[in-house]
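First comes the structure, then the notes that go with it.
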Amino acid sequence: MKIVSIKTYAPRAPLGKERFYSSQCPFPQRNSLLTRIETDDGLVGWGEGGQYGPSETVAACIEHVLAPKVIGRSPHELGCIWEELYGLTRDFGQKGTYVEAISAIDIALWDLKGKALGVPVHNLLGGAFRDSISGYATGCYYRGENAFDHKAELENLAAEAKAYADSGFKMLKIKIGLLSVEADIERVAAIRDAIGPDMHLLADSNHAYLAPTAIRMGRALQDFGCLMFEEPVPPEDHDGYRTVRNALDIAVSGGECEFTRWGFRKLIAEGCVDIVQPDICASGGLSEFQKIWSFASAYGVPVMPHVWGSGVALSAALHALAAMPLQPYTANPIPFQNEPVIEFDRNPNPLRDELLQETIVLGEDGRVSVPQGPGLGIEIDESALARFCEG
Ligand code: MG
């Protein structure tokens, strides 16, 4: 079986009035970069990468640099292919665009390998510990025409948070960092009031602060019973991470802007984080994700993959989490405490909701089922994909 073609697609879905903000930027659209790899016996595998920045640069890496090295190879050699692609681009691509491009190829190769063998990807990763994953909602961004005026949005924010609790989620991750600490504390208070004391609450600043401000914010988050403070400081500021972590009683997490086992080695071994969050579609694909969590597990650092993209990204994360052991083992697994959880982004995203023939949804029990078909176990709606790629 030989790979005969690698195509890239850059779907985008404008959000219009549903535009929202994190601390770093507005999201006027959802976009991503998908790869479609076909073999000479007609099998097709799908991968994803490049959901963070411009997809065109990731597509260019694949089309002009990486794809010619993969055409003619067998998907069964995916581990060899990863090492060769990384070795080829190491001198100029250790982080960012090239690693995202390798991720998109790698995920499609795992999909192909599973389809060729007639087994789901989680089987290839060592077998499934579970057939569903507890989902946590990611939401409560800065929305609406009054995104920068928190008082005008408090009522809508509280209603959004309550809707997540009402729809079965047991855990919610919210945004902080766009506004002043004082304004954001009012937002967190409104959310905690809306969801009640029992729902787990996590907060993500997307590296909005330097350490002193992060510590001030983190102490307030502790008072609201938050369990985790995600990306308190810029990803390069490892000293800042350690300072914040040493000052707070809640878990400090990060890693969505880190890449490969070498990047995560520093974040983990230098004691920067309590929880590490590689994005499978950015940090090196499923092959590299296995190496990152192996390394993290040796340091007693649990892994909670960052998930942000289309249904392809979501399915890849579900397979990886199905195959991830308890962190650590107990006879009674408890989500977030020692059982892996999946990030279930609830912001508007037609690429997540309309690109797969069967949309991945939250079950009534607050868990997300792991696809069971061969490969990633998903089917792309190619007419929907063509629609998102127009213009
Ligand atoms: Mg984040």
Would you please name the GluC sites (Glu not before Pro) within segment 196-295 that are DSSP coil residues with at most 14 other C-beta atoms within 10 Å of their C-beta?
-> Glu236, Glu270
Inter-label distance for Asp249 and Asp353, nm, one decimal - labels placed 7 Å from Cα along Cα-to-Cβ = 4.0
If each part is reduced to its alpha-carbon centroid, segment 79-97 and segment 319-391 end up apart, in Å, by 27
May I ask you to evaluate 6.51 cos²θ - 1.76 cosθ + 1.60, the Karplus curve with θ = phi - 60°, for each residue of segment 25-34 and list the ³J(HN,Hα) values in order in whole Hz, giving x for glycine and proline?
-> 6, x, 10, x, 8, 9, 9, 6, 9, 10
Would you list the P(r) distribution for segment 3-118, with all Cα-Cα distances sorted into 5 Å bins from 0 and each bin expressed as a whole %?
-> 2, 12, 22, 21, 16, 11, 7, 5, 2, 0
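Per residue, what accessible area does the chain have, given a 1.4 Å probe and all protein chains present, in Å²?
Working: 15160 Å² over 391 residues.
Counting only protein heavy atoms, the per-residue value for the chain is 39 Å².
Pairs of alpha-carbon atoms within less than 8 angstrom and 6+ residues apart define the contacts here; what relative contact order does the chain have, in percent?
On the way: 846 pairs, mean separation 77.9, N = 391.
It comes to 20 percent, rounded to a whole number.
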Under a Gaussian network model of the chain whose springs join Cα atoms within less than 10 Å, the largest fluctuation of Lys17, Lys170, Lys69 belongs to Lys17
Which residues qualify? For Gln29, with a placed amide H closer than 5 Å and at least 5 residues away or on another chain, they are Leu15
Calculate what fraction, in whole %, of the accessible area of the chain sits on carbon and sulfur atoms when a 1.4 Å probe is rolled over the protein chains.
-> 51
Given H placed on each backbone N at 1.01 Å, which residues far from Leu355 in sequence or on other chains put an amide H within less than 5 Å of it?
-> Gly311
Between Ser383 and Arg219, what is the FRET efficiency for a Förster distance of 45 Å, r being their Cβ-Cβ separation, to the nearest 0.05?
-> 0.30
Against the longest alpha carbon principal axis of the chain, how many degrees, from 0 to 90 and to the nearest 10, is the axis of helix 150-166 turned?
-> 60
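Looking at segment 140-221 from every direction and averaging, what is the projected area of its Cα convex hull in nm²? Each step should come with its number before you reach the end.
Working: hull surface 20.1 nm².
Result: 5.0 nm².
Treating the beta-carbon of each Lys and Arg as +1 and of each Asp and Glu as -1, no other charges, what is the dipole magnitude of the chain about its Cα centre, to the nearest 20 debye? Don't skip to the answer; put the middle values down first.
Numbers: 34 positive and 52 negative charges, 94 e Å.
It comes to approximately 460 debye.
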What is the sum of charges around Asn349, taking Lys and Arg as +1, Asp and Glu as -1, for the other residues whose C-beta is under 12 Å from the C-beta of Asn349?
-> 0
To the nearest 0.05, how large is the calculated FRET efficiency for Phe129 and Arg90 if R₀ is 35 Å and r is the Cβ-Cβ distance?
-> 0.55
Interchain or sequence-distant (5+) residues whose placed amide H lies within less than 5 Å of the amide H of His207 are Val233
Hey, any idea what the orientation-averaged projected area of the convex hull of the chain's Cα atoms comes to, in nm²?
-> 17.8
Cα-Cα longer than 18 Å, checked against Lys7/Lys95; Lys175/Lys266; Lys95/Lys291; Lys266/Lys291; Lys170/Lys291, kept in input order, equals Lys7/Lys95; Lys175/Lys266; Lys170/Lys291
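With runs of 4+ DSSP H residues as the only contributors, calculate the mean residue ellipticity of the chain at 222 nm using -39,500 (n - 2.57) per run, divided by the residue total and rounded to the nearest 500. Don't jump to the answer; show the numbers that get you there.
Working: 14 runs with 150 residues, N = 391.
That comes out to -11500 deg cm²/dmol.
Please identify the chymotrypsin sites (Phe, Trp or Tyr not before Pro) of segment 1-96 that satisfy two criteria: DSSP loop assignment and at most 13 other Cβ atoms within 10 Å. Which are they? Mind showing how you got there, number by number?
Numbers: sites: Tyr9, Phe20, Tyr21, Trp46, Tyr52, Trp82, Tyr86, Phe92; in loops: Tyr52, Phe92.
Here the chymotrypsin sites (Phe, Trp or Tyr not before Pro) that fit, given the DSSP loop and packing criteria, are Phe92.
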Among Ala152, Ala322, Ala165, whose mean-square fluctuation peaks in a Gaussian network model of the chain (Cα, cutoff 10 Å)?
-> Ala152
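The values are calculated or read from the model by the stated rules, or taken from the named source; none is laboratory data. None of these values were measured; they are calculated from a predicted model. Counting neighbours? That spans all protein chains shown, and the Cβs are built from the backbone with ideal geometry, glycine included. In case anyone asks, the SASA skips ligands and DNA or RNA and just uses the protein heavy atoms, side chains included. Shrake-Rupley method; radii C 1.70, N 1.55, O 1.52, S 1.80 Å.
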